Amino acid sequence: MSGRVARIASILIAAVAAAELLVGCATTAINSDYASEPDPRKHEFVLGPSDVLHVVVWHNGDLSVDATVRPDGTITLPLVGDLRAAGRTTTELRAEIAQRLGAFIKEAATVTVAVASVSSYRFTVSGNVERGGAFTAAHYVTVAEALALAGGPNRFGSADDTVIMRTDKDGRPKRIPIDYPAILKGTRPDMNLVLLPGDVVYVP
């Protein structure tokens, strides 16, 4: 009887362990389809808070200004007033500015919008790295470059278990596994993803 009880107990323990594993898998979104991850270098820059824009309205110097995207994502322009800039491209912004100015200027306004300073591109490197923290850059940064900025994994870090914590286009959090040593060896260049604003690179 005791042997039968032991076998039943073993089965129950295995079932519980399997259930815990399934729950863990359900609550942790793992994405390893690296080719499907967005590469912001292939698209027009998307504006964000703290970016500085140089707005020029041709033949209307009084309407030409430098505008900083505020934390709420808006900018303020003469005549136009407040309009949303964060999450949009300069092309989209230029079209709306020209449209709004049409209510005040008889001739069609020729507008240019240029990014004078990039400050919205921010990401975080945390965990077992030498100098973790939040970083900003004026250019797009890969995983390897981000870890280099943080001084690399420290002696306690499991660099082959590095993850990117990212929010997908539907607003859901996900974890992207990264084998950092394999990136350095050149065997997994596909893992050296370009970071998106708000990404967290974590070394356990």
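With respect to the conditions (1) in a loop (DSSP other than H, G, I, E, B); (2) open to solvent by 70 Å² or more (accessible area, probe 1.4 Å); (3) modelled with pLDDT of 95 or more; (4) under 24 Å from Ser32 (Cα atoms), Glu145 lacks only one, and its number is (1). Answer yes or no as to whether Leu53 is at pLDDT 75 or above and either at positive phi or of a type in the set (A, V, I, L, M, F, W, C) (or both). Considered against the rule, which asks whether it is at pLDDT 75 or above and either at positive phi or of a type in the set (A, V, I, L, M, F, W, C) (or both), Leu53 comes out as yes. A search for C-beta distances below 6 Å between a residue of the stretch 118-130 that is of a type outside the set (Ser, Thr, Tyr) and any residue that is at pLDDT below 95, counting only pairs 6+ apart in sequence or on different chains, returns Val118/Ala138. Taking the criterion of being open to solvent by 40 Å² or more (accessible area, probe 1.4 Å) and touching a residue at least 60 places away in the same chain (Cβ under 8 Å), the only residue of the stretch 53-72 that qualifies is His54.
Tell me the residue from Ala159, Ala137 that is touching a Gly at 6+ places or on another chain (Cβ under 9 Å) and closer than 23 Å to Glu37 by Cβ, please. Within the list Ala159, Ala137, the selection yields Ala159. Mind counting the residues in the stretch 4-47 that are open to solvent by less than 50 Å² (accessible area, probe 1.4 Å), modelled with pLDDT of 95 or more and out of contact with any strand residue (DSSP E or B) (no Cβ under 8 Å at 6 or more places or on another chain)? So the count comes out to 0. I'd like to check something: does the stretch 116-126 contain any residue that is closer than 28 Å to Thr68 by Cα, more than 19 Å from the chain's Cα centre (by Cα), among the aliphatic types (A, V, I, L, M) and modelled with pLDDT of 95 or more? Checked against the condition, which is being closer than 28 Å to Thr68 by Cα, more than 19 Å from the chain's Cα centre (by Cα), among the aliphatic types (A, V, I, L, M) and modelled with pLDDT of 95 or more, the stretch 116-126 yields at least one hit.
Only residues that are surrounded by 13 or more Cβ atoms within 10 Å (Cβ to Cβ) and part of a loop (DSSP other than H, G, I, E, B) were counted across the stretch 129-142, and they come to 5.
Being free of Cβ contacts under 8 Å to residues at least 24 places away in the same chain, open to solvent by less than 20 Å² (accessible area, probe 1.4 Å) and either touching a Phe, Trp or Tyr at 6+ places or on another chain (Cβ under 6 Å) or closer than 21 Å to Tyr121 by Cα (or both) is a property that Ala86 lacks. The set of residues in the stretch 182-204 that are of a type outside the set (Val, Ile, Thr), farther than 13 Å from Gly127 by Cβ and open to solvent by 40 Å² or more (accessible area, probe 1.4 Å) comprises Leu184, Lys185, Gly186, Arg188, Pro189, Asp190, Asn192, Pro197, Gly198.
The values are calculated or read from the model by the stated rules, or taken from the named source; none is laboratory data. Values in this document were obtained by computation on a predicted structure and should not be read as measured data. Don't worry about glycine lacking a Cβ; one is built from the backbone with ideal geometry, like all the others, and counts go over all protein chains shown. Remember, those area values only see protein heavy atoms, side chains included, never the ligands or the DNA or RNA. Shrake-Rupley method; radii C 1.70, N 1.55, O 1.52, S 1.80 Å.
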